[in-house]
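Each reported figure results from applying straightforward, stated rules to the coordinates on display, with no laboratory input. In this text, all values refer to a predicted model and were calculated from it rather than measured experimentally. Cβ placement follows ideal geometry from the backbone for every residue including glycine, while neighbour counts extend to all protein chains displayed.
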Amino acid sequence: MAQFPDCEVVVTIEKRHASRSLAQNRYYFGVVLHEMSKETGHTVEELHEWAKREFLPKTTVILTNQAGEIVGETVIPETSTKRLNKIQFGELIEWVRLWAAEKLGIVIPDPDPDYGWKKLQKEAA
C-alpha cells in the first residue's frame, strides 16, 4: 500500500483453487482440440490460439488524463491458459466442447485421462 500513497487501490480476495492438471491438459490438447482439428483442418495450436481469444476473459483498459477525462480505451484479451486454475480451465474446455457441438456438429467424448494419449498412439501405429 505504501507504493500507492496518492491514489485509491483495489484489493481482491478470492478462494484459492488448484492449478490445472496434467490430465486436463492431455484431454484438452489430445482429445478436444485433436477432434476439432480433424473436422476443421486447422492445427491443434491454431485452434488453441482461437479458443484463447474466443473464450478467455478480456480486460478493458480506460486511459484518462489528469482531469479524469477519458482519452483512450482498449480491450486486452488474456493470452495464456497457464494462469488458469482447475475450475477455470475446466470451464474453458466445456465452452470449447459446447461450441464444437453447436457449430461443427461433433460430439467430443467425455474426459478420460488416458483417452487422448491412447487414441494418438493408435493413429500413429
If every Lys and Arg gets +1 and every Asp and Glu gets -1 at its Cβ, then about the Cα centre the stretch 22-124 yields a dipole, in debye to the nearest 20, of 300 debye
Counting only residues 5 or more apart in sequence or on a different chain, those whose built amide H sits under 5 Å from that of Ile106 are Ala101
From the phi angles alone, apply the Karplus equation (6.51, -1.76, 1.60; θ = phi - 60°) to the stretch 22-29 and give each ³J(HN,Hα) in whole Hz, x where the residue is Gly or Pro. 5, 5, 4, 4, 4, 5, 4, 7
Could you sort 23-33, 78-88, 59-69, 92-102 so that the peptide with the highest average Cβ count within 10 Å comes first and the rest follow in order? 23-33, 92-102, 78-88, 59-69
Long-range amide H partners of Ser19 with built H, under 5 Å: Lys86
Which value in nm describes the separation of the simple spin-label points at His42 and Asn85, placed 7 Å from the Cα toward the beta carbon? 2.9 nm
Where does the charge balance sit around Gly90 when Lys and Arg score +1, Asp and Glu -1, over other residues with C-beta under 11 Å from its C-beta? +1
Filter Lys82/Lys103; Lys38/Lys58; Lys52/Lys103; Lys58/Lys103 down to the pairs with a C-alpha to C-alpha distance above 21 Å, please. Lys82/Lys103; Lys38/Lys58; Lys58/Lys103
